[in-house]
Amino acid sequence: MPTPTPVGSVGSRTAGGRSTPQKRAVEAELAASDDFRSAQEIHEALRSGGTSIGLATVYRTLQTLSDAGEVDSVKTDAGEAAYRRCSRSHHHHLICRVCGYTVEIEGPAVERWATAQAEEHDFADVAHTVELFGVCAECRSAGRG
């Protein structure tokens with residue numbers, strides 16, 4: 001699954017909690033790829049590379065990084081969470097539902113709409129995520145969607 005967005009630098013303590021060897025290993029594995037990957041895929045890559053780490057530790061680390069805004073998390077068509085390093089700015093995703101190719105996109109109209117809705121209903125500190133799903137050009141040209 002290729003991705004056009006460059007990966008940000010790996011943080012050590014900015015993503016919440018203490019910096020353990022296992023956490024640094026997960027961060028390094030995320031930084032090594034632009035693709036969205038499941039916790040199981042990340043766990044397998046770490047184990048194949050000689051890192052002794054449990055799957056539960058990978059899940060906890062990914063959740064911590066996600067909560068801190070250090071990684072993007074999306075749901076695959078199968079309902080599984082997939083993760084990757086994200087840019088630091090607020091963004092949304094356009095995701096190929098066939099291969100998972102993902103583009104970070106901006107949506108100024110969505111931002112204005114969300115702000116207007118919050119104001120209209122007297123809400124403050126509103127956050128949102130937008131994920132658009134479709135079939136990328138590569139999958140269409142290969143007849144996979």
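The values are calculated or read from the model by the stated rules, or taken from the named source; none is laboratory data. All values derive from a computational prediction rather than experimental measurement. Every residue, glycine as well, gets a Cβ built from its backbone with ideal geometry; the counts of neighbours run over all protein chains shown.
Consider Glu106 carefully, then state whether it is of a type in the set (Asp, Glu), assigned by TED's automatic domain parsing to the domain that holds Arg18 and surrounded by fewer than 16 Cβ atoms within 10 Å (Cβ to Cβ).
Considered against the rule, which asks whether it is of a type in the set (Asp, Glu), assigned by TED's automatic domain parsing to the domain that holds Arg18 and surrounded by fewer than 16 Cβ atoms within 10 Å (Cβ to Cβ), Glu106 comes out as no.
Just a yes or no: is a residue in region 32-43 in the same structural domain as Pro21 (by TED's automatic domain parsing), under 17 Å from Gln22 (Cα atoms) and in contact with a Lys or Arg (Cβ under 8 Å, 6 or more places away or on another chain)?
No, that holds for no residue.
Test Gly145 against the stated conditions and say whether it is surrounded by 14 or more Cβ atoms within 10 Å (Cβ to Cβ) and in a loop (DSSP other than H, G, I, E, B).
Answer is yes for this residue.
Determine which single condition Ser66 fails, assuming it passes every other condition in (1) out of contact with any helix residue (DSSP H, G or I) (no Cβ under 6 Å at 6 or more places or on another chain); (2) touching a residue at least 24 places away in the same chain (Cβ under 8 Å); (3) assigned by TED's automatic domain parsing to the domain that holds Asp34; (4) closer than 15 Å to Arg37 by Cβ.
In the conditions (1) out of contact with any helix residue (DSSP H, G or I) (no Cβ under 6 Å at 6 or more places or on another chain); (2) touching a residue at least 24 places away in the same chain (Cβ under 8 Å); (3) assigned by TED's automatic domain parsing to the domain that holds Asp34; (4) closer than 15 Å to Arg37 by Cβ, Ser66 misses (2) alone.
If Ala127 satisfies all but one of (1) among the hydrophobic types (A, V, I, L, M, F, W, C); (2) part of a loop (DSSP other than H, G, I, E, B); (3) under 24 Å from Pro21 (Cβ atoms), what's the number of the condition it fails?
Evaluating Ala127 over (1) among the hydrophobic types (A, V, I, L, M, F, W, C); (2) part of a loop (DSSP other than H, G, I, E, B); (3) under 24 Å from Pro21 (Cβ atoms) leaves (3) as the failure.
Looking only at region 104-124, count every residue that is in a loop (DSSP other than H, G, I, E, B) and modelled with pLDDT of 95 or more and tell me the total.
Total satisfying the criteria: 3.
When region 112-141 is examined, which residues are found to be surrounded by 13 or more Cβ atoms within 10 Å (Cβ to Cβ) and in contact with a helix residue (DSSP H, G or I) (Cβ under 8 Å, 6 or more places away or on another chain)?
Those that are surrounded by 13 or more Cβ atoms within 10 Å (Cβ to Cβ) and in contact with a helix residue (DSSP H, G or I) (Cβ under 8 Å, 6 or more places away or on another chain): His128, Val130.
Taking into account only those residues within region 75-91 that are surrounded by 13 or more Cβ atoms within 10 Å (Cβ to Cβ) and at pLDDT 80 or above, which is farthest from the chain's Cα centre (by Cα)?
Step by step, filter region 75-91, then rank; the result is Ala81.
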